[in-house]
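Quick notes on the structure that follows.
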Amino acid sequence: MISILHRKTGTLPPRRLCIQVLRHNPADPASVPHLQPYEIEEAEGMTLFIALNEIRAAQDPSVQFDFVCRAGICGSCAMLIDGRPGLACRTLTRDLGTTITLAPLPFFELIGDLSVNTGKWMRGTAERLQTWIHDATPVAIDTLETPMDPDLAEAIYELDRCIECGCCIAGCGTAQMREDFVGAIGLNKIARFRLDPRDQRSDDDFYELIGDDDGVFGCMSLLGCHDVCPKQLPLQTQIAYLRRKMAVIGFSS
Ligand code: SF4
Ligand code: F3S
Ligand code: FES
């Protein structure tokens, strides 16, 4: 009867979702990691971010997860969604089954439940790879910068779209085995500064930063990074290009 009714009206009844959250508080010695199920009714256009907020508001205020922008810009809501790294605010529940399992990103320090400290690792990697423009000639305040070729500016902008969500690291087998590996995000940043004509570092300088097994030669081309990057950065192309460049420098030095 219900199916006839819905066939006539063209609407389907809302699905009941079971959202299983991996709960654990590393600061509590008595805490044991376990999956906690929450049942909610799916709403039109519901994202995992909305679902988690509903769970926190109506069922369990103790569930920990991070978000800032809700628009795929800040990178803070990254988590494992049915085992795959992704952004909670950009994932529609209608694209998933009725049972959804959420877990924190691996590799990063766990704060609690789905919340991880990606910022600490991002800061450390930025300092290690010196991800800022190295310009030997200070520009006077009243001097205009030389305009950049639009195609080059576009290429740099493309790599600058990284939101530091950590999905590429969580999806990389090498990073799980080698804790000092800079990952696709680190290699992407080096590719970005190599392109920038304002950065006066030489290829040898970049080789010093990533010309080893913690850098570009540690990458085993597993390409999980490329598959899961929510900003669809051209990671595969950039890593392959850097590896060829750095191999030439390595042979000739
Ligand atoms: Fe996230 Fe992609 Fe940046 Fe990696 S490269 S941190 S997956 S946006
Ligand atoms: Fe890891 Fe991506 Fe290389 S998944 S091994 S950084 S191609
Ligand atoms: Fe900012 Fe999801 S809340 S990317």
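Restricting attention to the chain, lysine pairs at least eight places apart or on different chains and with alpha-carbon atoms under 29 angstrom apart total 5.
When a footprinting reagent is the concern and you count Cβ atoms within 10 Å, what order do 148, 46 take, fewest first?
Least crowded to most crowded, the residues run 148, 46.
In a fully extended conformation the segment linking residue 213 and residue 117 would gain 32.1 nm over its present Cα-Cα distance, using 0.36 nm per residue. Stokes-Einstein diffusion for the stretch 168-210, with the hydrodynamic radius set to the Kirkwood value over Cα pairs and evaluated at 10 °C in a medium of 1.306 mPa s, equals 140 µm²/s. Cβ crowding within 10 Å, taken as a proxy for footprinting-reagent exposure, orders 67, 181 from fewest neighbours to most as 67, 181. Computed over the stretch 193-233, the P(r) curve from all C-alpha pair distances, binned at 5 Å from the origin, holds 5, 19, 17, 18, 21, 16, 3 percent per bin.
Taking 7 Å steps out from each Cα toward its Cβ at residue 39 and residue 249 produces label points 5.9 nm apart.
You can think of it this way: the chain between residue 237 and residue 195 has 13.7 nm of extra reach, that is 0.36 nm per residue less the Cα-Cα gap. Full extension of the chain between residue 28 and residue 12 yields a length gain of 1.4 nm, computed as 0.36 nm times the residue separation minus the alpha carbon distance. Modelled spin-label separation between residue 161 and residue 223, with each label point placed 7 Å from Cα along the Cα-to-Cβ direction: 1.9 nm. Scaled to the globular estimate 2.2 N^0.38 Å, the Cα spread of the stretch 100-253, given as radius of gyration, is 1.11. Contact order for the chain, expressed relative to its length and based on alpha carbon pairs under 8 Å spaced 6+ residues apart, stands at 16 percent. At q = 0.13, 0.14, 0.16 Å⁻¹ the log10 of I(q)/I(0) for the stretch 63-134 amounts to -0.44, -0.50, -0.62, computed by Debye summation with a single uniform scatterer per C-alpha, solvent ignored. Each peptide in 209-216, 230-237 was scored by the mean count of other Cβ atoms within 10 Å over its residues; highest first, the order is 209-216, 230-237.
So what is the calculated 222 nm ellipticity per residue for the chain, using -39500 (n - 2.57) for each DSSP H run with n of 4 or more, over all residues, to the nearest 500 deg cm²/dmol? Before the final figure, lay out each step's value.
Values: 10 runs with 95 residues, N = 253.
Computed ellipticity for the chain at 222 nm equals -11000 deg cm²/dmol.
Values in this text are rule-based calculations from the coordinates and carry no lab data. What you see is a predicted model, and the numbers here were worked out from it, not measured in a lab. All Cβ positions, even for glycine, are placed from backbone atoms using ideal geometry, and neighbour counts span all protein chains on display.
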